[in-house]
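Chemist: My questions all concern the structure below.
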Amino acid sequence: PETQFRAVYRSLIANCISSAIPATLVASVTSDRDCAILAELLEEAGNPEALRIIVQFQKGDGKREAMAMALRAIAREQPSQNSVTLLLDGDVVLSPYALAKCIGFMAANPKLAALTTNNDAEVEGGHLVRHWYQLRFAQRHLLMSSLALSG
């Protein structure tokens, strides 16, 4: 889990830096060790001034509660009307420049309310488990594409 935590936040920090816009990350963590890792990753990235991390400890009530807490933290920051809110699961490793590409779509169409990316699962486990995740992600991608194209 620590290796995955590092990969997730390393990719998110790199994406924030490459997007060249100010960013505030709300990180839902479970331990002081997570906080220390975030500090290490920020230092590794050169402690960029345009990037700030708000750490909140999860209650352990599940993903929905953690997202609600994160959204309340964002609301307290009173972001500008032109800001973008990105919600990620704790196991999403962003491809390089994914955030910049998404922000480009949002900037080009201010009425665009949301978008999703074509995710691929990196799964440890047997062939059956990996195959199930591949099918599940392919199904989700087709559904999201269909919804997007339908308007």
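The values are calculated or read from the model by the stated rules, or taken from the named source; none is laboratory data. Values in this document were obtained by computation on a predicted structure and should not be read as measured data. As a convention, Cβ positions derive from the backbone with ideal geometry for all residues, glycine included, and neighbour counts pool all protein chains shown. Just the protein is used for accessible areas: all its heavy atoms, side chains included, with ligands, DNA and RNA removed. Shrake-Rupley method; radii C 1.70, N 1.55, O 1.52, S 1.80 Å.
Chemist: Please go through segment 57-77 and pick out each residue that is closer than 10 Å to Val26 by Cβ and under 17 Å from the mean Cα position of the chain (by Cα).
Modeler: The answer is Ala66, Met67, Met69, Ala70, Leu71, Arg72, Ala73, Ile74.
For every residue, the table says whether it meets (1) under 30 Å from Ala138 (Cα atoms); (2) modelled with pLDDT under 90.
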{"position": "Ser11", "(1), (2)": "yes, no"}
{"position": "Asn15", "(1), (2)": "yes, no"}
{"position": "Cys35", "(1), (2)": "no, no"}
{"position": "Glu43", "(1), (2)": "no, no"}
{"position": "Ala66", "(1), (2)": "yes, yes"}
{"position": "Ile74", "(1), (2)": "no, no"}
{"position": "Tyr97", "(1), (2)": "yes, no"}
{"position": "Cys102", "(1), (2)": "yes, yes"}
{"position": "Asn119", "(1), (2)": "yes, yes"}
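Chemist: Would you mention how many residues in segment 1-27 are over 16 Å from Cys102 (Cβ atoms) and in contact with a strand residue (DSSP E or B) (Cβ under 6 Å, 6 or more places away or on another chain)?
Modeler: Here the count works out to 3.
Chemist: In segment 31-66, what residues are assigned to a helix (DSSP H, G or I), of a type outside the set (Gly, Ala, Ser) and either more than 19 Å from Ile13 (Cα to Cα) or open to solvent by 70 Å² or more (accessible area, probe 1.4 Å) (or both)?
Modeler: Result: Asp32, Arg33, Glu40, Glu43, Glu44, Lys63, Arg64, Glu65.
Chemist: Please name all residue pairs, on different chains or six or more residues apart, with Cβ atoms under 9 Å, provided the first residue is in segment 90-116 and is touching a residue at least 60 places away in the same chain (Cβ under 8 Å) and the second residue is open to solvent by 90 Å² or more (accessible area, probe 1.4 Å) and in a loop (DSSP other than H, G, I, E, B).
Modeler: Correct list of pairs: Asp91/Glu122; Val93/Glu122.
Chemist: May I ask you to say which residue of Ile21, Ile54, Ile103, Ile13 is of a type outside the set (Lys, Arg), under 15 Å from the mean Cα position of the chain (by Cα) and more than 29 Å from Tyr133 (Cβ to Cβ)?
Modeler: Answer to the selection: Ile54.
Chemist: If you don't mind, another one. Report whether or not Ala70 is open to solvent by less than 40 Å² (accessible area, probe 1.4 Å) and closer than 30 Å to Leu142 by Cβ.
Modeler: yes
Chemist: In this structure, does Cys16 turn out to be touching a residue at least 60 places away in the same chain (Cβ under 8 Å) and either touching a Leu at 6+ places or on another chain (Cβ under 9 Å) or aromatic (Phe, Trp, Tyr) (or both)?
Modeler: yes
Chemist: Another question, if that's okay. Among the residues of segment 86-95, is there at least one that is part of a helix (DSSP H, G or I), open to solvent by less than 100 Å² (accessible area, probe 1.4 Å) and among the aliphatic types (A, V, I, L, M)?
Modeler: So far as segment 86-95 goes, no, none of its residues is part of a helix (DSSP H, G or I), open to solvent by less than 100 Å² (accessible area, probe 1.4 Å) and among the aliphatic types (A, V, I, L, M).
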